[in-house]
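Colleague: One structure follows; several queries about it will come next.
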Amino acid sequence: MEETAGDPKLNRREFIVRSIRVTAFLGLGGLAVLVAEKSGSGETVWQLDPSKCIQCGRCATNCVLAHSAVRCTHVYAMCGYCDLCGGYFKPGTKTLNTAAENQLCPTNAIKRKFVEDPFFEYTIDEPLCIGCGKCVKGCGAFGNGSLQLQVRQNICVHCNQCSIARSCPAEAFSRVPAKKPYLLKQITLEGPKSGG
Amino acid sequence: MKKIRVIFIFVVLLSLQFMNAYGVQRFPKPDFESGYLQPETLQPSARAGLLAIMDVSVLALALALVSWLVLKKRSRTGVFWTSVFSLAYFGFYRQGCVCSIGAIQNVTLALFDKSYVIPLAVLAFFILPLVFTLFFGRTFCAGVCPFGAMQDLVSFRPQKPDPRLNAVLGMMPYIYLGLAVLYAATGSDFIICRYDPFVGIFRFNASFGMLIFSGTLLVSGIFIARPYCRYLCPYGVLLNWASRFSWRHLTITPDKCIQCRLCEESCPYDAIDIPVVDLNPEGRSVTARKLILVSLLVPFFIVLGGWTGSRLHETLAGVNGKVRLAKILLEPERYRDQPEPFEVTAYKSSGKPLTVVYDEAAGVLRRFYTGGWLLGCFIGLVFGMILAGRLLTRYSTDYTPNKGACFSCARCVDYCPVEKNGTKEVKP
């Protein structure tokens, strides 16, 4: 402002406007520095914490994508390869075969393959999975909990505010660093947690 | 034999299902003898971070290009094609996220929530257009914002709305901005993103309700140009303030205005100030009385607005998840006939004590009380200022763009017959 003080055209209104402009500019700079100070770790993405998830089924319906970006993820390292899989079969199924009426998955997205007696491998056909969480509930209740819902980052469109997070009853969604974009639960060897 | 095994397993499983034991190794991992190789759990990563740098670069380049086109080249065609590019890139290619309008909420959240880390790209999307506006006027609106570009494309038959209606509708962006900041600051919701009318179009998957909303905006946009920008856009409020104090701004005429009135009807946004030649058309005493009235009314509106806002804080806080959960838990009899809400199921499995939930909700309510006062005061102030602006006339000699409201679209430039060197070009 000092260098313009000698400007013959500078009247009172212009002086006020200039002062406000400089103040606003400095204010914006200050705001940027204040906010950016704790930034720098780069981008974040949305992810859900399977340990908080209650498999309510809203992931399947509340994503902005018609076919939700939340899909079932199979952590093979945790799987017990059970013949009677709580995530694959409807409760009360008597004959353990791949008949449609036995399957819990509404879209036939879980593939059951014989490995060796008595073990079966279960694979998620991701393009078919709708993220309803029915299998996750079954596996968590009866099995090891190796089936877990996750936001598949290659499908997610990375909304500023995740519309599933907004409606998640368990507050399981949070922003996580893009460098570590999955929150898969790993094996816990101790017994069941108390409570609940 | 097999039948007995199945029954046995079922008995075991039934006894297990009441426990909250997630991710517990109930069945040990088998030792495979057939040489079976366990597949890897695929974890595909998100879009590379490098592309965020590209987004910010495209934003900066587009802003610089439009500013140059508006101020130096004075080319409406150039602005138009840049806006088409921006619509294609930020709208349909980047699918509308992240945008500068929504970035208001990220910046607010970063200011109020110490645990939230704002990505630098989002911060750049918030700051860059404001900085450019402080220098060159609202060139962001003219050719970079995909929302503006979308509505600009459909404004075929712009009509001038009644000035009183215009003033009343012009209040809405301030209210929207205030609410968006309140909800972002309390960590409740990002309402700008929630009620984003065009993102569904960019992604070709709008919900029915939003499709009605965006359809209404686009159809009304044929007759009332840029309805979202003028009557809703919260970022437009900030740009409007910044633009009033801009260093340079689009001028209708490259030289001296010759009062030919050709540009008078050219602006589809009603953003050209018509000359008020008479310095004091109504006499000193009338103006003085109006001034006294305004200086009394503005504080009155501020207090009234603040009080109303504080009365409404519980209603406003109803959006917050913590408050909602506490309400459900406080009134279990209201949900007796219905299946248990998922919120309650989740709360039960979390094992959180009831007092923690109530304390959190009470904390949020307290913030909403303060926020309600501030929001109300802000809306009252804006209402008073808009009223003052309508009561008091300002002296001006030429046809000039209203620096706050002008989107720098450069339509008026084509109507001005004055050439740079001051000679009048005579068109046959």
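The values are calculated or read from the model by the stated rules, or taken from the named source; none is laboratory data. If you're wondering where the values come from, they're calculated on a predicted model, not measured in any experiment. As a convention, Cβ positions derive from the backbone with ideal geometry for all residues, glycine included, and neighbour counts pool all protein chains shown.
Colleague: Considering only residues that are touching a helix residue (DSSP H, G or I) at 6+ places or on another chain (Cβ under 7 Å) and not in a loop (DSSP other than H, G, I, E, B), look in the range B:402-421 and name the one that is surrounded by the most Cβ atoms within 10 Å (Cβ to Cβ).
Modeller: Looking at the filtered set, the residue picked out is B:Val413.
Colleague: For the range A:108-130, enumerate the residues that are free of Cβ contacts under 8 Å to residues at least 24 places away in the same chain and within 16 Å of A:His67 (Cβ to Cβ). Full working, then the answer.
Modeller: At the first step, the residues of the range A:108-130 found to be free of Cβ contacts under 8 Å to residues at least 24 places away in the same chain are A:108, A:111, A:113-114, A:116-117, A:125, A:127-128.
A:Asn108, A:Asp125, A:Pro127, A:Leu128, listed by residue number.
Colleague: Could you check the range B:319-352 and list, in sequence order, the residues that are farther than 24 Å from B:Thr186 by Cα, surrounded by 12 or more Cβ atoms within 10 Å (Cβ to Cβ) and away from chain A (no Cβ under 11 Å)?
Modeller: B:Tyr335
Colleague: Going by the structure shown, is A:Gly133 touching a residue at least 60 places away in the same chain (Cβ under 8 Å) and facing chain B (nearest Cβ under 8 Å)?
Modeller: Details: touching a residue at least 60 places away in the same chain (Cβ under 8 Å): yes; facing chain B (nearest Cβ under 8 Å): no.
Here the answer is no, as A:Gly133 does not meet what is asked.
Colleague: Just give me the residues in the range B:197-206 being within 11 Å of chain A (Cβ to nearest Cβ) and in contact with a helix residue (DSSP H, G or I) (Cβ under 7 Å, 6 or more places away or on another chain), in sequence order. I'd like the intermediate steps shown before the answer.
Modeller: Initial filter on the range B:197-206 (within 11 Å of chain A (Cβ to nearest Cβ)): B:199-200, B:202-206.
The answer is B:Gly200, B:Phe202, B:Ala206.
Colleague: What's the number of the only condition in (1) farther than 21 Å from B:Ile175 by Cβ; (2) modelled with pLDDT of 85 or more; (3) not in a helix (DSSP H, G or I) that B:Pro339 fails to meet?
Modeller: For B:Pro339, the exception is condition (2).
Colleague: Taking the stated definitions as given, is B:Thr315 loosely packed, with under 14 Cβ neighbours inside 10 Å, within 28 Å of the chain's Cα centre (by Cα), modelled with pLDDT of 90 or more and under 30 Å from B:Leu182 (Cα atoms)?
Modeller: Here the answer is yes, as B:Thr315 does meet what is asked.
Colleague: With the requirement that a residue be surrounded by fewer than 17 Cβ atoms within 10 Å (Cβ to Cβ) and assigned to a helix (DSSP H, G or I), what does the range B:353-363 give you?
Modeller: Step one: filter the range B:353-363 for residues surrounded by fewer than 17 Cβ atoms within 10 Å (Cβ to Cβ), giving B:353-356, B:358-359, B:362-363.
If the condition is that a residue be surrounded by fewer than 17 Cβ atoms within 10 Å (Cβ to Cβ) and assigned to a helix (DSSP H, G or I), then B:Leu354, B:Thr355, B:Val356, B:Tyr358, B:Asp359, B:Ala362, B:Gly363 are the ones that fit.
Colleague: All but one of (1) farther than 30 Å from B:Arg411 by Cβ; (2) among the β-branched types (Val, Ile, Thr); (3) over 35 Å from the mean Cα position of the chain (by Cα) hold for B:Ile302; which doesn't?
Modeller: (3)
Colleague: Checking the condition hydroxyl-bearing (Ser, Thr, Tyr) and outside the structural domain of A:Asp49 (by TED's automatic domain parsing), which residue from A:Tyr88, A:Tyr122, A:Tyr182 passes? So that I can check it myself, show each step before the final result.
Modeller: Numbers: A:Tyr88 fails: outside the structural domain of A:Asp49 (by TED's automatic domain parsing); A:Tyr122 fails: outside the structural domain of A:Asp49 (by TED's automatic domain parsing).
Testing whether each residue is hydroxyl-bearing (Ser, Thr, Tyr) and outside the structural domain of A:Asp49 (by TED's automatic domain parsing) leaves just A:Tyr182.
Colleague: So which of B:Phe85, B:Phe90 is assigned by TED's automatic domain parsing to the domain that holds B:Ser408 and either farther than 23 Å from B:Asn240 by Cα or assigned to a loop (DSSP other than H, G, I, E, B) (or both)? Give the steps one after another, and end with the answer.
Modeller: Numbers: B:Phe90 fails: either farther than 23 Å from B:Asn240 by Cα or assigned to a loop (DSSP other than H, G, I, E, B) (or both).
Selected residue: B:Phe85, the only one of B:Phe85, B:Phe90 that is assigned by TED's automatic domain parsing to the domain that holds B:Ser408 and either farther than 23 Å from B:Asn240 by Cα or assigned to a loop (DSSP other than H, G, I, E, B) (or both).
Colleague: Just need a number here: residues in the range A:79-100 that are outside any loop (DSSP other than H, G, I, E, B) and modelled with pLDDT under 90. Spell out the reasoning first.
Modeller: So the first thing to find is which residues in the range A:79-100 are outside any loop (DSSP other than H, G, I, E, B), and the list is A:89, A:100.
Checking the rest, the ones that are also modelled with pLDDT under 90 come to A:100.
Here the count works out to 1.
Colleague: Can you find a residue that is under 30 Å from B:Val298 (Cα atoms) and of a type outside the set (D, E, K, R) anywhere in the range B:333-347? Steps first, answer last, please.
Modeller: At the first step, the residues of the range B:333-347 found to be under 30 Å from B:Val298 (Cα atoms) are none.
Checking the range B:333-347: not a single residue is under 30 Å from B:Val298 (Cα atoms) and of a type outside the set (D, E, K, R).
Colleague: Can you report the number of residues in the range B:96-141 which are within 19 Å of B:Leu217 (Cβ to Cβ) and more than 12 Å from every other protein chain (Cβ to nearest Cβ)?
Modeller: Residues flagged as within 19 Å of B:Leu217 (Cβ to Cβ) and more than 12 Å from every other protein chain (Cβ to nearest Cβ) within the range B:96-141 amount to 1.
Colleague: State whether one or more residues within the range B:283-301 are within 20 Å of A:Glu14 (Cα to Cα) and in contact (Cβ under 8 Å) with a residue 12 or more places away in the chain. It would help to see each step written out before you state the result.
Modeller: Taking the range B:283-301 as the starting set, the residues that turn out to be within 20 Å of A:Glu14 (Cα to Cα) are none.
The answer is no, given that none of the residues of the range B:283-301 is within 20 Å of A:Glu14 (Cα to Cα) and in contact (Cβ under 8 Å) with a residue 12 or more places away in the chain.
Colleague: Give the residue that is farthest from the other protein chains (Cβ to nearest Cβ), with candidates limited to residues of the range B:57-88 that are surrounded by fewer than 17 Cβ atoms within 10 Å (Cβ to Cβ) and either over 22 Å from B:Asp414 (Cβ atoms) or acidic (Asp, Glu) (or both).
Modeller: B:Leu61
Colleague: Right, here's the next one. Of everything in the range B:207-244 that's more than 9 Å from every other protein chain (Cβ to nearest Cβ) and not in a helix (DSSP H, G or I), which residue is nearest to B:Ala142 (Cα to Cα)?
Modeller: Of everything passing the filter in the range B:207-244, B:Arg226 is nearest to B:Ala142 (Cα to Cα).
Colleague: Right, next: Quick check: is even one residue across the range B:38-48 outside the structural domain of B:Arg230 (by TED's automatic domain parsing), part of a loop (DSSP other than H, G, I, E, B) and buried (at least 19 other Cβ atoms within 10 Å of the Cβ)?
Modeller: There is at least one residue in the range B:38-48 that is outside the structural domain of B:Arg230 (by TED's automatic domain parsing), part of a loop (DSSP other than H, G, I, E, B) and buried (at least 19 other Cβ atoms within 10 Å of the Cβ).
Colleague: Given the criteria at pLDDT 80 or above, crowded, with 18+ Cβ neighbours inside 10 Å and facing chain B (nearest Cβ under 7 Å), does A:Ala165 qualify? Talk me through it step by step, then tell me what you get.
Modeller: Numbers: at pLDDT 80 or above: yes; crowded, with 18+ Cβ neighbours inside 10 Å: yes; facing chain B (nearest Cβ under 7 Å): no.
No: the conditions fail for A:Ala165.
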